[in-house]
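All remarks here apply to the structure that follows.
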Amino acid sequence: MSSTTDRPGGSEDPFAVAEALQSVVRDTAALDRERPAPPPEDRPTEAIPAGERPGSEDDRRDTVIVDDAMLGRRETVRVPTQRRPAPGRGAPLPVAALFATVWAALLTYLPVAAVIGLARTLEGAGGLVAAAHAGLAGWLLGHGVPIGTSIGPLALAPLLLTVLIVWRLNRAGLHVTRAIGARRSGSFAKALLVAVAVGTAYTLIGVLAAQLTDGRGTQISTARAASHFLALGLAGALLGALRGTGAVSTLARRLPPALRHGIRTGLVAAFLVVGAGAVVGGLAVALGGAQAAEIIANYRTGVAGQAGITLISVGYAVNATIWVAAYLLGPGFAIGTDSAVRLTEVTLGPPPMVPLIAGLPEGPLGAAGTVLLALPVIAGAVAGWTLTQRLRFGRDNAWRATRRTGAGKVTAAAEPPWPLVIMSGLLAGPVAGLVLAGLAWASGGALGSGRLSRIGPDPIQTGIVAAIVVAVAVTLGAAATRAFRRR
């Protein structure tokens, strides 16, 4: 057996002594316990005084007890940790709102001005000032502000630009929420305050843009511009502020479960119907590609002009998608007064010469129309399936069709109650109807005061039919998923 010193280096440190004792334990060889001990010898013994015991001073070891008291007397050093910054007040709300709103306006105006400016400059139709003026008019039109011209009001907003505007305002609301320190606060009041600040700043920008655009050839109503900019500013910024503060979850928890799931499912169904319209419309334009190319070539404006016409058509692609969705639902849409485009009726006058008209049907559809009518029903049934799956497995596991715990274990999912499934499905219908009615209203408008003064679907008819179709389809799809569960 090896030996060690009792105090390494003459140290009085009990931790060093403890380490030395550990080394003794490590160097100790195991004893063979199976060997029998020798019998004790029967001989007289006598006590040896402590001072006369054999061994040197080095063999003597003092025992040190390392207990909590000994550890408490040892000097300690606090390990430095990263300090969190002290919570500050954040940026002033007016400054943050003004900066974010101006930046959002620039990011949506500059692409419009660049496209129109490129086309006008290359064709020799004006300089940069005229291009900036025309781009400002197009930007106002993207907000739904009617523009008065010599042929009448232009009030057909390119919804692709409108979607871009709402998205940038949404980001502005989110950035302002972070700047003022209200992120994840769960406060609806702070989200509303951010929306009001951004909406007010955006209204001022709209008034300034209307004043700069109003003049010869383009008449802009400042009041209409202010109201449209205020509505879009409030709506877009409120969406971002609600996301930033987390107030959406707070509001959702306060709603009854049937209403909460009905709203979510109605939104899903509405956008699935719009998605079906996008697929059918895109396929129709692709099949009529030769006609679309001929329309573009007939303008004879050169490459830049043809590119501008193509980009304008792309800007109205969202409008056409909503029109096709109304066509699939049954009410259809109009391109001019005394015109109708439905599955069972196609009455058209001379349409505007834009590439999108290449996808218009030439007449009523027979058996194929029945198949197209089934697309909104299928979209509603899919939304109903997602409703039951979400009730059954939760929002995060709806597509996985398994419920997992925090440890990753798969657990059996409880079946949702029938009243919740049925009520949620029925409530999804009115929600989808309101959404599609609003989209139908926003997608329509006028191109002058003549025959093209009425373009787009009827919002009331579209909303009513969509509410009925979605309510029935979602309820049937959710009930079927609930009844016929895969075992």
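The values are calculated or read from the model by the stated rules, or taken from the named source; none is laboratory data. What you see is a predicted model, and the numbers here were worked out from it, not measured in a lab. FYI the Cβ positions are ideal-geometry reconstructions off the backbone, even for glycines, and counts take in every protein chain you see.
Each row is one residue, and each column tells you yes or no for (1) surrounded by 21 or more Cβ atoms within 10 Å (Cβ to Cβ); (2) in a helix (DSSP H, G or I); (3) basic (Lys, Arg); (4) not assigned by TED's automatic domain parsing to the domain that holds Ala270.
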position: Ile422; (1), (2), (3), (4): no, yes, no, no
position: Gly425; (1), (2), (3), (4): yes, yes, no, no
position: Ala428; (1), (2), (3), (4): yes, yes, no, no
position: Leu434; (1), (2), (3), (4): no, yes, no, no
position: Ala437; (1), (2), (3), (4): yes, yes, no, no
position: Ala440; (1), (2), (3), (4): yes, yes, no, no
position: Ser449; (1), (2), (3), (4): no, no, no, no
position: Thr462; (1), (2), (3), (4): yes, yes, no, no
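Every condition in (1) touching a Pro at 6+ places or on another chain (Cβ under 8 Å); (2) farther than 30 Å from Thr321 by Cα; (3) β-branched (Val, Ile, Thr) holds for Val207 except the one numbered (1). Going by the structure shown, is Pro331 more than 20 Å from Leu452 (Cα to Cα) and either modelled with pLDDT of 80 or more or not assigned by TED's automatic domain parsing to the domain that holds Ile468 (or both)? Taking the combined requirement at face value, the residue does not satisfy it. Please determine whether any residue of the range 368-375 is modelled with pLDDT of 90 or more, assigned by TED's automatic domain parsing to the domain that holds Ala432 and surrounded by fewer than 18 Cβ atoms within 10 Å (Cβ to Cβ). Looking for residues that are modelled with pLDDT of 90 or more, assigned by TED's automatic domain parsing to the domain that holds Ala432 and surrounded by fewer than 18 Cβ atoms within 10 Å (Cβ to Cβ), one finds at least one in the range 368-375, hence yes. Condition (residue is in a helix (DSSP H, G or I) and of a type in the set (Asp, Glu)) applied to the range 292-312: is it met by at least one residue? Looking for residues that are in a helix (DSSP H, G or I) and of a type in the set (Asp, Glu), one finds at least one in the range 292-312, hence yes. Of all residues in the range 374-401, those that are part of a loop (DSSP other than H, G, I, E, B) have Cβ atoms under 7 Å from Cβ atoms of residues that are surrounded by fewer than 16 Cβ atoms within 10 Å (Cβ to Cβ) and modelled with pLDDT under 95, 6 or more apart or on another chain, in Asn397/Arg404.
Each row is one residue, and each column tells you yes or no for (1) closer than 28 Å to Ala113 by Cα; (2) at pLDDT 95 or above; (3) assigned by TED's automatic domain parsing to the domain that holds Gly448; (4) among the β-branched types (Val, Ile, Thr).
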{"position": "Gly199", "(1), (2), (3), (4)": "yes, yes, no, no"}
{"position": "Gly215", "(1), (2), (3), (4)": "yes, no, no, no"}
{"position": "Phe229", "(1), (2), (3), (4)": "yes, yes, no, no"}
{"position": "Leu232", "(1), (2), (3), (4)": "yes, yes, no, no"}
{"position": "Ala247", "(1), (2), (3), (4)": "no, no, no, no"}
{"position": "Ile263", "(1), (2), (3), (4)": "no, yes, yes, yes"}
{"position": "Gly288", "(1), (2), (3), (4)": "no, no, yes, no"}
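Please indicate, with yes or no, whether at least one residue in the range 225-232 is part of a helix (DSSP H, G or I), within 20 Å of the chain's Cα centre (by Cα) and either crowded, with 18+ Cβ neighbours inside 10 Å or free of Cβ contacts under 8 Å to residues at least 12 places away in the same chain (or both). Checked against the condition, which is being part of a helix (DSSP H, G or I), within 20 Å of the chain's Cα centre (by Cα) and either crowded, with 18+ Cβ neighbours inside 10 Å or free of Cβ contacts under 8 Å to residues at least 12 places away in the same chain (or both), the range 225-232 yields at least one hit.
Out of all the residues in the range 334-367, which are in a helix (DSSP H, G or I) and either free of Cβ contacts under 8 Å to residues at least 60 places away in the same chain or not assigned by TED's automatic domain parsing to the domain that holds Leu447 (or both)? Selection gives Ala367 alone.
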